[in-house]
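The values are calculated or read from the model by the stated rules, or taken from the named source; none is laboratory data. Bear in mind that the values here come from a model prediction, so they are computed numbers and not experimental data. As a convention, Cβ positions derive from the backbone with ideal geometry for all residues, glycine included, and neighbour counts pool all protein chains shown.
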Amino acid sequence: MCHTEPVAPTRIIIAAVCAAAGFALAAVGGCAVGRHRDADAAPDAGPFVVVLGVAQDAGAPQAGADAHPGWEDPSKRLRAACLGLVDPRSGRYWLFEATPDFRSQLHDLHRAAAEASAPGVEPALAGIFITHAHIGHYTGLMFLGHESMGASGVPVYAAARMARFLRTNGPWDQLVRYGNIRLQEIAPGREIALAPSLLVGAVPVPHRQEYSEVVAFILEGPSRRVLFLPDVDSWDDMDAAGTPIESLLAGVDVAYLDGTFFGDGEVPGRDMTGFPHPRIRDSVRRLGRLPASDRPSIRFIHLNHTNPAQFPGSAARREVEAAGFRVARRGERVELAPAGDTGAGPG
Ligand SMILES: [Zn+2]
Ligand SMILES: [Zn+2]
């Protein structure tokens, strides 16, 4: 389903700006210049995004990483990177990624939706968006199947290769054949309308693509937009692909960006030269050059279990925060229509 609302004049202007920046969604008027307002206003009855996990695919501590303090201290354990989107008016909610931590993330999201929804509204999972076929991003789909929830017709939004991968490889094909999931193919440049004034667009991302292409998502509410880009090989590769990260940042209010590694040398005994992923230190250097008016709230997500910035109060975390960036925190929310925000246009 493609967004079919009439295009307002401001959106036409905005689309032109974004087209100049090479933004894929601009072709359908799907790119807007963000307002970069305070993104942590008090909750209201509008849609919101909630962070459900911040770790790299394998979580923290990772299997075999016996020195991680999370084994002794549960507060230092991290779930795989995942966002939830809630529309309290309808009670419907969506997951962005089906991670190995699907069980607890679905539970947390359901609870958040139940607390935010009006009395009498029954919260329900309305769909799952998948960025790509690496283990932390889709394997949680197994919990929808016969041995677990036995779900019926849950829409799973995925780009063409990702959808084909699920349709043609076991055990995922069984979810399709049994009707547990209903694949909804998405195409970059075409927005999915989840509700009036609640849209999701996909942007192609250069990242190793063994089984599927890779996308980032832009979640658009009545007056705010959030970028979810948990995995990328490098910002230079995005430049080469004609989608500089800055062009995406210009259109959103909050950006959750690949923060897998803090810097070289953090993985003991490994030469990290060939490891993809921009280092947080390099991202801070590059994106710190943006004028404040062009920089949304940037929050690093998808942290590897070796990343020192995962620990609040660490020198690495302080370095990130001192530069005006953040590390995403499980449970934090972004209101997409905060009270008093009219959505009247860029300001
Ligand atoms: Zn990943
Ligand atoms: Zn990946």
Self-check item: Members of region 62-96 that are within 16 Å of ligand 1 (Cβ to nearest atom), more than 17 Å from Asn304 (Cα to Cα) and part of a loop (DSSP other than H, G, I, E, B)
Solution: none
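Mind checking whether some residue in region 280-298 is in contact with a strand residue (DSSP E or B) (Cβ under 8 Å, 6 or more places away or on another chain) and among the charged types (D, E, K, R)? Break it down stepwise before answering.
To start, the set of residues in region 280-298 that are in contact with a strand residue (DSSP E or B) (Cβ under 8 Å, 6 or more places away or on another chain) comprises 280, 283, 287, 296-298.
Right, trim to among the charged types (D, E, K, R) and you get none.
The answer is no, given that none of the residues of region 280-298 is in contact with a strand residue (DSSP E or B) (Cβ under 8 Å, 6 or more places away or on another chain) and among the charged types (D, E, K, R).
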Exercise. Kindly check whether there is at least one residue in region 301-312 that is of a type outside the set (S, T, N, Q), touching a strand residue (DSSP E or B) at 6+ places or on another chain (Cβ under 7 Å) and in a strand (DSSP E or B).
Key: yes
Quiz item: Could you count how many residues in region 43-61 are in a loop (DSSP other than H, G, I, E, B) and either away from ligand 2 (no atom under 16 Å from the Cβ) or not hydrophobic (A, V, I, L, M, F, W, C) (or both)?
Solution: 9
Quiz item: Take the residues of region 136-190 that are touching a helix residue (DSSP H, G or I) at 6+ places or on another chain (Cβ under 7 Å) and among the charged types (D, E, K, R): which is surrounded by the most Cβ atoms within 10 Å (Cβ to Cβ)?
Solution: Arg190
Practice problem: Could you grab me the full set of residues in region 216-239 that are buried (at least 19 other Cβ atoms within 10 Å of the Cβ) and out of contact with any helix residue (DSSP H, G or I) (no Cβ under 8 Å at 6 or more places or on another chain)? | Solution: Phe217, Leu219, Glu220, Gly221, Ser223, Arg224, Arg225, Val226, Phe228
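From the set of residues in region 71-97 that are free of Cβ contacts under 8 Å to residues at least 40 places away in the same chain and closer than 20 Å to Tyr256 by Cα, which is surrounded by the fewest Cβ atoms within 10 Å (Cβ to Cβ)?
Going through region 71-97, the residues free of Cβ contacts under 8 Å to residues at least 40 places away in the same chain turn out to be 71-75, 77, 82, 84, 86, 91, 93.
Subset that is closer than 20 Å to Tyr256 by Cα: 77, 82, 84, 86, 93.
Values: Arg77: 17, Cys82: 31, Gly84: 24, Val86: 27, Tyr93: 27.
Ranking the qualifying residues of region 71-97, first place goes to Arg77.
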Quiz item: Among (1) outside any helix (DSSP H, G or I); (2) touching a Ser or Thr at 6+ places or on another chain (Cβ under 9 Å), where does Thr139 come up short?
Solution: (1)
Quiz item: Give me the pairs: first residue in region 111-134 and over 16 Å from Ala195 (Cβ atoms) and within 16 Å of ligand 2 (Cβ to nearest atom), second residue of a type in the set (Gly, Ala, Ser) and not in a helix (DSSP H, G or I), beta-carbon distance under 7 Å, and six or more apart or on different chains, which are they?
Solution: Ile130/Ala98; Ile130/Ala158; Thr131/Ala216; His132/Ser212; Ala133/Ser212
Quiz item: Does region 262-283 contain any residue that is in contact with a His (Cβ under 9 Å, 6 or more places away or on another chain), part of a helix (DSSP H, G or I) and more than 17 Å from Val232 (Cβ to Cβ)?
Solution: no
Quiz item: Any idea how many residues of region 219-263 are touching a Ser or Thr at 6+ places or on another chain (Cβ under 8 Å), closer than 17 Å to Val320 by Cβ and more than 16 Å from ligand 1 (Cβ to nearest atom)?
Solution: 3
Quiz item: Which of (1) within 16 Å of ligand 1 (Cβ to nearest atom); (2) over 15 Å from the mean Cα position of the chain (by Cα); (3) part of a loop (DSSP other than H, G, I, E, B) does Thr131 not meet, given it meets every other one?
Solution: (2)
Quiz item: Would you call Glu147 modelled with pLDDT under 95 and acidic (Asp, Glu)?
Solution: no
Quiz item: In the set Glu266, Glu210, which member is modelled with pLDDT under 95, closer than 27 Å to Thr139 by Cβ and in contact with a helix residue (DSSP H, G or I) (Cβ under 7 Å, 6 or more places away or on another chain)?
Solution: Glu266
Quiz item: Residues Ala113, Ala118, Ala126, Ala163: which one is over 20 Å from Cys82 (Cα atoms) and away from ligand 1 (no atom under 16 Å from the Cβ)?
Solution: Ala118
Exercise. Have a look at Leu227, Leu194 and point out the one that is within 29 Å of Gly145 (Cα to Cα), at pLDDT 95 or above and aliphatic (A, V, I, L, M).
Key: Leu194
